[in-house]
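**Q** Just passing along the structure, written as C-alpha coordinates.
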Amino acid sequence: MPVTTDAASWGGVQITVLADNTADLPFVSEHGFAAVIDICGEHTHRILFDTGRGALFANAPAAGVDLNLCEALVLSHGHYDHTDALPEFMARYPRARIHASTGIFRHHYSKRTGTCRFIGLSPESRIAILAPESTYVPFSGNTSICAGRVSLADNIPRNHPLETPSPLLFEDEACTVSDTVPDELVLWTDTLDGLVILTGCCHAGFMNTVNFVKSFVPDRPVALVAGGFHLAGVAAERIEATAAFIREQGIQRVAAFHCTGDDETRRLAELTGGIVEAGHCGTVLTVGCAV
(Lines give C-alpha, C1' and ligand atoms only; values in the text may rest on other atoms or scores of the structure.)
Protein backbone atom coordinates (compact mmCIF):
# COMPACT_ATOMS: atom_id res chain seq x y z
CA MET A 1 0.00 0.00 0.00
CA PRO A 2 1.14 3.60 -0.55
CA VAL A 3 2.64 5.06 2.60
CA THR A 4 0.82 7.98 4.21
CA THR A 5 3.06 10.42 6.09
CA ASP A 6 2.69 13.94 7.48
CA ALA A 7 3.05 16.12 4.38
CA ALA A 8 4.46 18.97 6.43
CA SER A 9 7.75 17.07 6.70
CA TRP A 10 7.96 16.29 3.01
CA GLY A 11 8.99 19.50 1.31
CA GLY A 12 8.14 19.67 -2.36
CA VAL A 13 8.69 18.53 -5.93
CA GLN A 14 10.36 19.75 -9.09
CA ILE A 15 9.54 18.15 -12.45
CA THR A 16 11.77 18.73 -15.49
CA VAL A 17 10.41 17.46 -18.79
CA LEU A 18 13.11 15.85 -20.95
CA ALA A 19 11.07 14.41 -23.83
CA ASP A 20 7.93 15.80 -25.42
CA ASN A 21 6.35 16.38 -28.83
CA THR A 22 7.35 20.05 -28.79
CA ALA A 23 10.60 21.79 -27.86
CA ASP A 24 12.46 25.06 -28.28
CA LEU A 25 16.23 25.29 -28.67
CA PRO A 26 18.46 24.02 -27.15
CA PHE A 27 16.09 21.09 -26.62
CA VAL A 28 15.06 18.54 -29.25
CA SER A 29 11.55 17.15 -29.63
CA GLU A 30 10.21 13.68 -30.35
CA HIS A 31 6.89 11.85 -30.22
CA GLY A 32 7.38 10.63 -26.68
CA PHE A 33 7.45 11.59 -23.03
CA ALA A 34 10.01 11.56 -20.20
CA ALA A 35 10.40 13.66 -17.08
CA VAL A 36 12.73 13.81 -14.10
CA ILE A 37 11.12 14.21 -10.69
CA ASP A 38 13.18 15.71 -7.87
CA ILE A 39 11.76 15.22 -4.40
CA CYS A 40 13.12 17.75 -1.91
CA GLY A 41 12.96 17.95 1.85
CA GLU A 42 14.95 16.34 4.63
CA HIS A 43 15.85 13.52 2.23
CA THR A 44 16.05 14.02 -1.53
CA HIS A 45 15.21 11.57 -4.31
CA ARG A 46 15.47 11.72 -8.10
CA ILE A 47 13.22 9.61 -10.34
CA LEU A 48 13.00 9.33 -14.11
CA PHE A 49 9.39 8.92 -15.23
CA ASP A 50 9.34 7.21 -18.67
CA THR A 51 12.23 7.27 -21.12
CA GLY A 52 10.67 8.51 -24.33
CA ARG A 53 12.50 7.34 -27.44
CA GLY A 54 15.95 8.79 -26.78
CA ALA A 55 15.74 12.59 -26.83
CA LEU A 56 16.27 12.69 -23.06
CA PHE A 57 19.98 11.88 -23.48
CA ALA A 58 20.54 15.14 -25.36
CA ASN A 59 18.01 17.13 -23.36
CA ALA A 60 19.18 16.16 -19.86
CA PRO A 61 22.54 18.00 -20.09
CA ALA A 62 20.80 20.94 -21.79
CA ALA A 63 18.49 21.13 -18.76
CA GLY A 64 21.34 20.69 -16.29
CA VAL A 65 19.99 17.31 -15.14
CA ASP A 66 22.38 14.50 -14.15
CA LEU A 67 20.59 11.23 -14.94
CA ASN A 68 23.22 9.35 -12.98
CA LEU A 69 21.51 10.62 -9.82
CA CYS A 70 18.27 8.80 -10.67
CA GLU A 71 17.63 6.13 -8.04
CA ALA A 72 14.53 4.88 -9.84
CA LEU A 73 12.95 4.69 -13.28
CA VAL A 74 9.15 4.48 -13.35
CA LEU A 75 7.55 3.29 -16.60
CA SER A 76 4.00 4.58 -16.95
CA HIS A 77 2.88 1.91 -19.44
CA GLY A 78 4.13 -0.33 -22.20
CA HIS A 79 3.86 1.93 -25.27
CA TYR A 80 6.99 2.44 -27.37
CA ASP A 81 6.94 6.25 -27.12
CA HIS A 82 7.39 5.94 -23.35
CA THR A 83 9.88 3.05 -23.28
CA ASP A 84 12.03 2.86 -26.43
CA ALA A 85 15.07 4.42 -24.70
CA LEU A 86 14.88 1.86 -21.88
CA PRO A 87 17.76 -0.38 -23.07
CA GLU A 88 20.14 2.57 -23.46
CA PHE A 89 19.12 4.04 -20.10
CA MET A 90 19.72 0.68 -18.39
CA ALA A 91 23.14 0.36 -20.03
CA ARG A 92 24.17 3.87 -18.98
CA TYR A 93 22.62 3.90 -15.50
CA PRO A 94 22.42 0.31 -14.24
CA ARG A 95 21.89 1.21 -10.57
CA ALA A 96 18.43 2.75 -11.06
CA ARG A 97 15.61 0.45 -9.97
CA ILE A 98 12.90 0.01 -12.60
CA HIS A 99 9.30 0.14 -11.39
CA ALA A 100 6.43 -0.84 -13.67
CA SER A 101 3.18 -2.75 -13.67
CA THR A 102 3.32 -6.50 -14.16
CA GLY A 103 1.09 -5.83 -17.17
CA ILE A 104 3.72 -3.79 -19.01
CA PHE A 105 4.45 -6.76 -21.30
CA ARG A 106 0.91 -6.77 -22.72
CA HIS A 107 0.61 -6.35 -26.47
CA HIS A 108 -0.62 -2.97 -27.70
CA TYR A 109 -1.69 -2.06 -31.25
CA SER A 110 -2.84 1.14 -32.92
CA LYS A 111 -4.89 1.90 -36.03
CA ARG A 112 -4.11 5.62 -35.97
CA THR A 113 -2.29 5.45 -39.31
CA GLY A 114 -5.06 3.40 -40.93
CA THR A 115 -3.31 0.05 -40.61
CA CYS A 116 -2.93 -2.09 -37.52
CA ARG A 117 0.59 -1.64 -36.12
CA PHE A 118 2.35 -2.80 -32.97
CA ILE A 119 3.06 0.00 -30.46
CA GLY A 120 4.07 -1.99 -27.37
CA LEU A 121 7.45 -2.68 -25.78
CA SER A 122 10.10 -3.25 -28.43
CA PRO A 123 11.92 -6.61 -28.48
CA GLU A 124 15.04 -4.80 -27.26
CA SER A 125 13.17 -3.31 -24.30
CA ARG A 126 11.68 -6.69 -23.38
CA ILE A 127 15.09 -8.32 -23.44
CA ALA A 128 16.64 -5.55 -21.34
CA ILE A 129 13.99 -5.48 -18.64
CA LEU A 130 13.91 -9.29 -18.33
CA ALA A 131 17.69 -9.77 -18.34
CA PRO A 132 19.19 -11.47 -15.25
CA GLU A 133 21.02 -8.28 -14.29
CA SER A 134 17.88 -6.14 -14.62
CA THR A 135 16.73 -4.14 -11.60
CA TYR A 136 13.05 -4.46 -12.60
CA VAL A 137 10.68 -4.41 -9.62
CA PRO A 138 7.20 -5.46 -10.82
CA PHE A 139 4.04 -4.61 -8.95
CA SER A 140 0.29 -4.90 -9.35
CA GLY A 141 -2.26 -2.81 -7.51
CA ASN A 142 -0.41 -0.11 -5.60
CA THR A 143 2.97 0.39 -4.00
CA SER A 144 5.35 3.07 -2.74
CA ILE A 145 8.96 3.91 -3.55
CA CYS A 146 11.59 6.37 -2.33
CA ALA A 147 11.06 5.56 1.37
CA GLY A 148 7.32 6.03 1.00
CA ARG A 149 7.56 9.50 -0.52
CA VAL A 150 6.16 8.43 -3.90
CA SER A 151 3.13 6.24 -4.61
CA LEU A 152 2.25 4.22 -7.74
CA ALA A 153 -0.96 2.46 -8.74
CA ASP A 154 -2.09 0.65 -11.90
CA ASN A 155 -5.43 -0.75 -13.15
CA ILE A 156 -7.11 2.65 -12.85
CA PRO A 157 -10.92 2.19 -12.76
CA ARG A 158 -12.87 3.62 -15.69
CA ASN A 159 -15.99 5.01 -14.05
CA HIS A 160 -16.81 8.24 -15.88
CA PRO A 161 -19.17 7.59 -18.84
CA LEU A 162 -17.36 10.08 -21.10
CA GLU A 163 -13.88 8.63 -20.51
CA THR A 164 -14.15 5.66 -22.83
CA PRO A 165 -11.25 3.72 -24.39
CA SER A 166 -9.71 5.15 -27.55
CA PRO A 167 -11.35 3.75 -30.71
CA LEU A 168 -7.88 3.53 -32.27
CA LEU A 169 -6.15 1.35 -29.66
CA PHE A 170 -6.38 -2.46 -29.59
CA GLU A 171 -4.87 -5.39 -27.74
CA ASP A 172 -4.78 -7.85 -30.67
CA GLU A 173 -2.90 -7.77 -33.98
CA ALA A 174 -6.16 -7.86 -35.95
CA CYS A 175 -7.23 -4.63 -34.21
CA THR A 176 -10.62 -6.00 -33.15
CA VAL A 177 -10.39 -5.99 -29.33
CA SER A 178 -10.39 -2.56 -27.64
CA ASP A 179 -7.37 -1.85 -25.44
CA THR A 180 -8.11 -0.29 -22.03
CA VAL A 181 -4.34 -0.13 -21.23
CA PRO A 182 -4.69 -1.55 -17.69
CA ASP A 183 -0.90 -1.56 -17.30
CA GLU A 184 -0.83 2.24 -17.16
CA LEU A 185 0.07 3.52 -13.71
CA VAL A 186 -0.27 6.90 -12.08
CA LEU A 187 2.40 8.43 -9.83
CA TRP A 188 1.72 10.84 -7.01
CA THR A 189 3.45 12.45 -4.06
CA ASP A 190 2.37 14.85 -1.34
CA THR A 191 3.85 18.28 -0.71
CA LEU A 192 3.26 21.24 1.56
CA ASP A 193 0.97 22.67 -1.13
CA GLY A 194 -0.94 19.47 -1.91
CA LEU A 195 -0.74 16.43 -4.17
CA VAL A 196 1.39 16.32 -7.30
CA ILE A 197 0.09 13.78 -9.83
CA LEU A 198 2.05 12.64 -12.89
CA THR A 199 0.70 10.53 -15.73
CA GLY A 200 2.22 9.30 -18.99
CA CYS A 201 -0.85 9.24 -21.25
CA CYS A 202 -3.83 9.13 -18.87
CA HIS A 203 -5.50 6.44 -20.99
CA ALA A 204 -8.06 5.83 -18.25
CA GLY A 205 -9.09 9.49 -18.45
CA PHE A 206 -8.17 12.62 -16.53
CA MET A 207 -11.19 12.53 -14.24
CA ASN A 208 -10.92 8.80 -13.55
CA THR A 209 -7.21 9.10 -12.81
CA VAL A 210 -7.49 12.03 -10.40
CA ASN A 211 -10.46 10.42 -8.63
CA PHE A 212 -8.43 7.20 -8.28
CA VAL A 213 -5.56 9.04 -6.61
CA LYS A 214 -8.01 10.89 -4.37
CA SER A 215 -9.44 7.55 -3.23
CA PHE A 216 -6.09 6.93 -1.49
CA VAL A 217 -5.68 10.46 -0.09
CA PRO A 218 -9.19 11.97 -0.01
CA ASP A 219 -8.40 14.84 2.33
CA ARG A 220 -5.51 16.39 0.37
CA PRO A 221 -5.89 19.18 -2.21
CA VAL A 222 -4.39 18.73 -5.68
CA ALA A 223 -1.61 21.23 -6.38
CA LEU A 224 -0.55 19.94 -9.80
CA VAL A 225 -1.52 17.38 -12.41
CA ALA A 226 1.04 17.00 -15.21
CA GLY A 227 1.66 14.69 -18.16
CA GLY A 228 -0.01 13.51 -21.32
CA PHE A 229 -3.80 13.38 -21.10
CA HIS A 230 -4.72 11.65 -24.39
CA LEU A 231 -7.44 14.14 -25.28
CA ALA A 232 -6.48 14.80 -28.91
CA GLY A 233 -9.57 14.35 -31.06
CA VAL A 234 -12.08 13.67 -28.28
CA ALA A 235 -15.57 15.17 -28.31
CA ALA A 236 -16.16 18.72 -27.07
CA GLU A 237 -18.44 17.31 -24.37
CA ARG A 238 -15.52 15.47 -22.79
CA ILE A 239 -13.29 18.56 -22.89
CA GLU A 240 -16.02 20.61 -21.23
CA ALA A 241 -16.59 17.95 -18.55
CA THR A 242 -12.85 17.76 -17.86
CA ALA A 243 -12.62 21.54 -17.48
CA ALA A 244 -15.62 21.57 -15.12
CA PHE A 245 -14.02 18.78 -13.07
CA ILE A 246 -10.75 20.73 -12.76
CA ARG A 247 -12.62 23.79 -11.48
CA GLU A 248 -14.93 21.84 -9.16
CA GLN A 249 -12.05 19.87 -7.63
CA GLY A 250 -10.07 23.03 -6.99
CA ILE A 251 -7.02 21.70 -8.85
CA GLN A 252 -4.48 24.50 -8.69
CA ARG A 253 -2.45 23.83 -11.84
CA VAL A 254 -2.56 21.46 -14.82
CA ALA A 255 0.37 21.11 -17.24
CA ALA A 256 -0.48 19.29 -20.48
CA PHE A 257 2.09 17.47 -22.62
CA HIS A 258 2.61 14.86 -25.34
CA CYS A 259 -0.76 13.38 -26.39
CA THR A 260 -3.14 15.98 -24.96
CA GLY A 261 -3.66 17.81 -28.25
CA ASP A 262 -2.86 21.46 -29.02
CA ASP A 263 -6.45 22.53 -29.70
CA GLU A 264 -7.74 20.59 -26.71
CA THR A 265 -5.15 22.18 -24.42
CA ARG A 266 -6.06 25.67 -25.62
CA ARG A 267 -9.76 24.96 -25.06
CA LEU A 268 -9.10 23.61 -21.55
CA ALA A 269 -7.06 26.73 -20.77
CA GLU A 270 -9.95 28.92 -21.90
CA LEU A 271 -12.56 26.98 -19.93
CA THR A 272 -10.49 26.90 -16.72
CA GLY A 273 -9.31 30.49 -16.74
CA GLY A 274 -5.69 29.51 -17.31
CA ILE A 275 -5.42 26.69 -14.77
CA VAL A 276 -4.47 24.44 -17.70
CA GLU A 277 -1.27 25.32 -19.54
CA ALA A 278 0.68 23.82 -22.42
CA GLY A 279 4.06 22.33 -21.57
CA HIS A 280 6.99 21.37 -23.77
CA CYS A 281 10.40 19.80 -23.54
CA GLY A 282 12.44 21.79 -21.02
CA THR A 283 9.43 22.87 -18.96
CA VAL A 284 10.21 22.97 -15.22
CA LEU A 285 7.31 22.65 -12.77
CA THR A 286 7.96 23.42 -9.10
CA VAL A 287 5.61 22.80 -6.18
CA GLY A 288 6.62 23.56 -2.61
CA CYS A 289 10.38 23.79 -3.13
CA ALA A 290 13.20 24.92 -5.36
CA VAL A 291 15.62 22.08 -6.09
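The values are calculated or read from the model by the stated rules, or taken from the named source; none is laboratory data. Here the structure is a predicted model, which means the values were calculated and not measured. Positions of Cβ are generated from backbone atoms using ideal geometry, with glycine treated the same way; all protein chains shown enter the neighbour counts.
**Q** Condition first: under 12 Å from the mean Cα position of the chain (by Cα) and of a type in the set (D, E, K, R). Now tell me which residues in region 184-201 satisfy that.
**A** E184
**Q** Report yes if some residue within region 102-117 is within 17 Å of the chain's Cα centre (by Cα), modelled with pLDDT of 95 or more, surrounded by 20 or more Cβ atoms within 10 Å (Cβ to Cβ) and of a type in the set (S, T, N, Q); otherwise report no.
**A** Looking through region 102-117, none of the residues is within 17 Å of the chain's Cα centre (by Cα), modelled with pLDDT of 95 or more, surrounded by 20 or more Cβ atoms within 10 Å (Cβ to Cβ) and of a type in the set (S, T, N, Q).
**Q** When only residues in region 202-253 that are surrounded by fewer than 18 Cβ atoms within 10 Å (Cβ to Cβ) and charged (D, E, K, R) count, which is nearest to the chain's Cα centre (by Cα)?
**A** Checked region 202-253; the qualifying residue nearest to the chain's Cα centre (by Cα) is K214.
**Q** Out of V65, V36, V13, I need the residue that is in contact (Cβ under 8 Å) with a residue 40 or more places away in the chain and under 26 Å from S134 (Cβ atoms). Which one?
**A** Answer to the selection: V65.
**Q** Can you say whether I37 is farther than 28 Å from D262 by Cβ and modelled with pLDDT of 95 or more, as far as the supplied structure shows?
**A** Against the criterion (farther than 28 Å from D262 by Cβ and modelled with pLDDT of 95 or more), I37 does not qualify.
**Q** Sticking with this one: So in region 143-169, with the set limited to residues that are in contact (Cβ under 8 Å) with a residue 60 or more places away in the chain, surrounded by fewer than 20 Cβ atoms within 10 Å (Cβ to Cβ) and out of contact with any strand residue (DSSP E or B) (no Cβ under 6 Å at 6 or more places or on another chain), which one is farthest from E240 (Cα to Cα)?
**A** Among them, the one singled out is A147.
**Q** Can you tell me which of H82, H77 is part of a helix (DSSP H, G or I), in contact (Cβ under 8 Å) with a residue 24 or more places away in the chain, buried (at least 23 other Cβ atoms within 10 Å of the Cβ) and not charged (D, E, K, R)?
**A** That would be H82, the only listed residue that is part of a helix (DSSP H, G or I), in contact (Cβ under 8 Å) with a residue 24 or more places away in the chain, buried (at least 23 other Cβ atoms within 10 Å of the Cβ) and not charged (D, E, K, R).
**Q** Another question, then. Out of G120, G148, which single residue is of a type outside the set (S, T, Y) and either at pLDDT below 95 or assigned to a strand (DSSP E or B) (or both)?
**A** Being of a type outside the set (S, T, Y) and either at pLDDT below 95 or assigned to a strand (DSSP E or B) (or both) holds for just one of G120, G148, which is G148.
**Q** If I filter region 128-141 for residues that are of a type in the set (A, V, I, L, M, F, W, C), modelled with pLDDT of 95 or more, surrounded by 15 or more Cβ atoms within 10 Å (Cβ to Cβ) and in a loop (DSSP other than H, G, I, E, B), do I get at least one hit?
**A** Checked region 128-141: no residue is of a type in the set (A, V, I, L, M, F, W, C), modelled with pLDDT of 95 or more, surrounded by 15 or more Cβ atoms within 10 Å (Cβ to Cβ) and in a loop (DSSP other than H, G, I, E, B).
**Q** Considering only region 265-279, how many residues are of a type outside the set (A, V, I, L, M) and surrounded by 17 or more Cβ atoms within 10 Å (Cβ to Cβ)?
**A** 4
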